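What follows is one structure encoded as structure tokens, with my remarks underneath.
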Amino acid sequence: MTNIAFLFPGQGSQEVGMGQALVEKYGVAAKIFEQADALLGFPLSRLCFAGPEDELNDTINTQVAIFVTSIATLEAMKAAGYQAKPRYLAGHSLGEYTAYVAAGALSFADGLQLVRERGRLMKKAGELNPGSMAAVLMLPDEQVTAICQQVVSEGGGCLQVANYNAPGQVVISGHTVAVERGMELARQAKARKVVKLPVSIAAHSELMGVVVDEFRQAVNKVALHLPEIPIIANITGQPLDTVEAIQAEMVGQLTASVRWTDTVRFMIGHGVTDFVEIGPKNVLTGLLRWIDKSVKGRTVGTPEEVEGLV
């Protein structure tokens, strides 16, 4: 058994041009984008390669774009001769769907349609229940959690931790007025940096609850299988070992916190020393340094990085 884990990025890792060089070099990557274009009924590949950026950044498009680019990267790795089998897989929020496909729990076609529906419904929830998100740096997790609880107890609306990304890097989410009050309290508590994120949805908060039933129906329609490689869940930081657990994770993830620190620490605690982030940008590799400096992380998203693996 290897000491490697594969990580798959989530929303926020998109960039215009992603996947284009891979498609030019690897026929298998081109085939994934062609399949996605045909299944979706619009040229996602053109949006990924050429933008426009504001369209790529629209939640309904961003999620499928990152998902397809990550799968195309994984296929390029296999075509280049990379054979090491990971001990675990994990994906950050949306990235978990890439992990399901990589583990054989979900077909690419079903995964694509489910991710598209997830993006559509999250956008719809943002329109029905507008909200905001903000990053809080260098405050203990418990303190940020307590700030959220204080804002709620003051009657300020919905506010919760959306992402425990790493010790000292937390994202809060909820009603805009509640997020602004949370930012104010975080500054008073001497957070090093408090930044409002350029999003119009309150992801991983109760405000997404308005679309949960609709998304559950979509989840229940797809064929799911037991993963061939263990996937570590965002919500619990533990392996997803039944189809029912995967279904509950998919639905619960809309309103629950992403416990990324716990997810990564579980894998490290079970022998992982090397992490490979597969997809655009290097967000998760950067977070590794905050979580545990003793482990290695590398990013694979370009032909040069694919070739550097083998």
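Nothing in this text is a laboratory measurement; each read-out follows from the coordinates by a stated rule. Predicted model, so just to flag it, every value in this text is computed and none were measured. Every residue, glycine as well, gets a Cβ built from its backbone with ideal geometry; the counts of neighbours run over all protein chains shown.
For segment 165-310, with only Lys/Arg (+1) and Asp/Glu (-1) charged at the beta-carbon, what is the dipole magnitude about the Cα centre, in debye rounded to 20?
Once rounded to the nearest 20, the dipole reads 800 debye.
From the residues THR59, CYS48, GLY271, which one has its Cα farthest along the dipole of the chain in the positive direction, the dipole being from +1 and -1 charges on Cβ of Lys/Arg and Asp/Glu about the Cα centre?
In the chain, that residue is GLY271.
Pairs of alpha-carbon atoms within less than 8 angstrom and 6+ residues apart define the contacts here; what relative contact order does segment 189-310 have, in percent?
Contact order relative to length: 20 percent.
Which residue, chosen from GLY131, ALA99, ALA191, occupies the Cα position most advanced towards the positive end of the dipole of the chain, where the dipole is computed from +1 (Lys, Arg) and -1 (Asp, Glu) charges on Cβ about the Cα centre?
ALA191
What distance in nm separates the simple spin-label points at GLU180 and SER294, each placed 7 Å from Cα in the Cβ direction?
Spacing of the two 7 Å Cα→Cβ label points: 4.6 nm.
Multiplying the sequence separation of ALA38 and ASP58 by 0.36 nm and subtracting their Cα-Cα distance, what value in nm do you get?
Here the answer is 5.2 nm.
Each residue of segment 295-309 in turn: what ³J(HN,Hα) in whole Hz from Karplus with 6.51, -1.76, 1.60 and θ = phi - 60°, glycine and Pro shown as x?
Couplings: 9, 9, x, 9, 10, 10, x, 10, x, 5, 6, 5, 5, x, 7 Hz.
Using the Cα centre of segment 202-267 as the reference point, and only Cβ charges (+1 on K/R, -1 on D/E), how large is the resulting charge dipole? Debye, rounded to the nearest 20.
That gives segment 202-267 a dipole magnitude of about 120 debye.
What's the longest bit of the chain with no exposed GluC sites (Glu not before Pro), using DSSP loop states and at most 15 other Cβ atoms within 10 Å as the test?
1-153
For the chain, what is the percent of antiparallel DSSP beta bridges, rounded to the nearest 5?
Beta bridges within the chain, antiparallel portion: roughly 55 percent.
In whole Å, how far is the Cα centre of segment 13-54 from that of segment 73-138?
16
When the chain is modelled as a GNM with alpha-carbon springs shorter than 10 Å, which of ARG181, ARG192, ARG120 fluctuates the most?
Residue with maximal mean-square fluctuation among ARG181, ARG192, ARG120: ARG192.
Based on the alpha-carbon gyration tensor of segment 59-100 and its eigenvalue square roots a ≥ b ≥ c, which shape applies: rounded if a/c is under 1.5, prolate if not and a/b is larger than b/c, or oblate?
Oblate shape, in that a/c is at least 1.5 and b/c is the bigger or equal ratio.
Cα to Cα, under 29 Å, and not fewer than 8 places away if on the same chain: which lysines meet these conditions relative to LYS123?
LYS31, LYS193, LYS196, LYS221, LYS281
For the pair GLN143 and ALA109, what calculated FRET efficiency results from E = 1/(1 + (r/R0)^6), where r is the Cβ-Cβ distance and R0 = 41 Å, to the nearest 0.05?
So the FRET efficiency works out to roughly 0.40.
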